[in-house]
1. Once you have the Kirkwood Rh of the stretch 159-249 from its Cα pairs, apply Stokes-Einstein at 37 °C and 0.692 mPa s and quote D in µm²/s.
2. If you stretched the chain out fully between residue 164 and residue 148, how much longer would it get, using 0.36 nm times the residue separation minus the C-alpha to C-alpha distance?
3. By count of other Cβ within 10 Å, fewest leading, how are 6, 217 ordered?
4. Calculate, for residue 93 and residue 40, the FRET efficiency according to 1/(1 + (r/R0)^6) with r their C-beta to C-beta distance and R0 25 Å; round to the nearest 0.05.
5. In what order do 93, 219 fall by count of nearby beta-carbon atoms within 10 Å, going from fewest to most?
6. Of the listed peptides 141-153, 185-197, what is their order by residue-averaged count of other C-beta atoms within 10 Å, with the highest listed first?
7. Could you give P(r) for the chain, binned at 5 Å from zero, as whole percent values over all Cα-Cα pairs?
8. I need the Debye-formula profile for the stretch 1-133: one equal scatterer per C-alpha, no solvent, reported as log10 I(q)/I(0) at q = 0.10, 0.22 1/Å, two decimals.
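All of the numbers you see were taken from the coordinates with simple rules; none came from a lab. Predicted model, so just to flag it, every value in this text is computed and none were measured. No Cβ is skipped: glycine too gets one built from the backbone with ideal geometry, and neighbour counts run over all protein chains shown.
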């Protein structure tokens, strides 16, 4: 028997890969987008589309309540789309706002709707300086300065809300640097790379192997350790979507 899932960010880079995986695993997906133009594409992927902005707390709460989810998945980001420095600065602030205010709104909506679990996207390169590779229990870089401090602030807010909002059971997915379709990077980055398909599979595995706490996800590298995900979730960085799922993307 499948779960009822509210996928926030279904039209995003990972959401578009995750939606058909959840559908084919027998789950009912309500997926969000901020763009009415993307609703039809989400329906074609197997989601019941909802057009809503995570910063519209009142409407978001109504939509989550209407979906009656067992699980809420947070795959929302506000990513840069170009190399311009000023734009990047705005994107950093936008991402931090999504992770803080956006997560807060989503958690409140999930609690009000009676959801049981929250699975939230985070990032795996915010650890404080120290021995590498970093395991999940290593501290985050809360003393960071400059642009990095903006990202750390958002990550700390997101993870604190995801893991400490009872009775929600929380899981945090610390993803490495994404590459692959839709990411703007066709080849693996030098530091903690992660193919977008393997990232989507990570979320599916957490849905189907109920696990709480924090997990790192990346290809073999010297910066973050991924043994916990490989052992407890049977996750592999080699996982890829079937070609039929990638058609037209």
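1. Details: Rh = 13.9 Å.
Diffusion coefficient, whole number: 236 µm²/s.
2. Values: separation 16, 0.36 × 16 = 5.76 nm, distance 2.39 nm.
Computed gain between residue 164 and residue 148 is 3.4 nm.
3. On the way: 6 31, 217 28.
Ordered from fewest to most neighbouring Cβ atoms within 10 Å, 6, 217 come out as 217, 6.
4. Working from the Cβ atoms, E equals 0.20.
5. Details: 93 15, 219 18.
Least crowded to most crowded, the residues run 93, 219.
6. On the way: 141-153: 14.5, 185-197: 17.5.
Per-residue Cβ counts within 10 Å, averaged per peptide and sorted highest first, yield 185-197, 141-153.
7. 1, 7, 14, 19, 22, 18, 12, 6, 1, 0
8. Ignoring solvent entirely, the Cα scatterers give -0.34, -1.31.
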